[in-house]
Amino acid sequence: MNPAHPGVPTLDLPSDPERRVWLAATAAASGVAAVATAFPLVSSFAPSERARAAGGPVEVDIADLPPGGAKTAEWRGKPVWVVRRTPEMIAALQGHDAELADPGSAQTQQPGYAKNPVRAIRPEVFVAIGICTHLGCSPTAVPKGTANPSLPADWPGGFFCPCHGSTFDGAGRVYKNKPAPTNLEIPPHRYASDTRILIGDDTVA
């Protein structure tokens, strides 16, 4: 009972740490929905409670990921996209460097092995944190040829943040004159096998 108001039950509100976890989980769920609008989302990987609590690495199996498909994993409370790019999607990363704010990813957080035009270890598999670098909104994957009036007619495919209009190409590189200050973040990751990726761990045995 509430001591200040007898007869009125006291609500057990979550503490600040609990509230942050809840908000992070909500943001991650939003990221899943955003990617699913454009990619055939095969599945989402749910890490164990121990891994989630410790912020440990999360394993994603990409054996069933078709070309053009994507999965979303949660790592440290953030949605991480794993996209299997088609040859056409890889080719679309070329020819528009002049339109990008940081085509060489000089100002962006990513491991050294992802500091290349495709921003990936393997060109066909793109791994990125699905959070806009402007205010933390969740961008949406939008393929080439979309009828979205907020995007140019020659849109090569990539990601669009509907909150404030930032646009990123298929390697997560932000276009010029957009609210987002940097490219999408690439998390540390490595291949545990040909079909398994460890997000959050890039140590070499």
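Worth pointing out:
- Taking each residue of segment 101-124 that is within 16 Å of ALA180 (Cα to Cα) and looking for partners that are surrounded by 16 or more Cβ atoms within 10 Å (Cβ to Cβ) and of a type in the set (S, T, N, Q) with beta-carbon atoms closer than 7 Å, six or more apart or interchain, yields ASP102/THR108; ASP102/THR182; ASP102/ASN183; SER105/ASN183; GLN107/THR182; THR108/THR182; THR108/ASN183.
- Residue among ASN177, ASN148 that is within 16 Å of ASP97 (Cβ to Cβ), of a type in the set (S, T, N, Q) and out of contact with any Phe, Trp or Tyr (no Cβ under 6 Å at 6 or more places or on another chain): ASN177
- Matching option when the condition is within 24 Å of CYS163 (Cβ to Cβ), touching a Cys at 6+ places or on another chain (Cβ under 8 Å) and either at pLDDT below 55 or hydrophobic (A, V, I, L, M, F, W, C) (or both), among LEU135, LEU23, LEU100, LEU41: LEU135
- Tabulated pairs, segment 129-158, first at positive phi, second assigned to a loop (DSSP other than H, G, I, E, B), C-beta under 7 angstrom, 6+ apart or interchain: GLY157/ALA92; GLY157/PRO143; GLY157/LYS144; GLY157/GLY170; GLY158/GLY170
- Pairing each residue of segment 70-97 that is farther than 23 Å from TYR191 by Cβ with any residue that is of a type outside the set (Gly, Ala, Ser) and assigned to a strand (DSSP E or B), provided the two are 6+ apart or on different chains, yields C-beta distances under 7 Å for HIS96/ASP169.
The values are calculated or read from the model by the stated rules, or taken from the named source; none is laboratory data. Being a predicted model, the structure only gives us computed values, none of them experimental. Here Cβ is always computed from backbone atoms with ideal geometry, including for glycine, and neighbour counts include all displayed protein chains.
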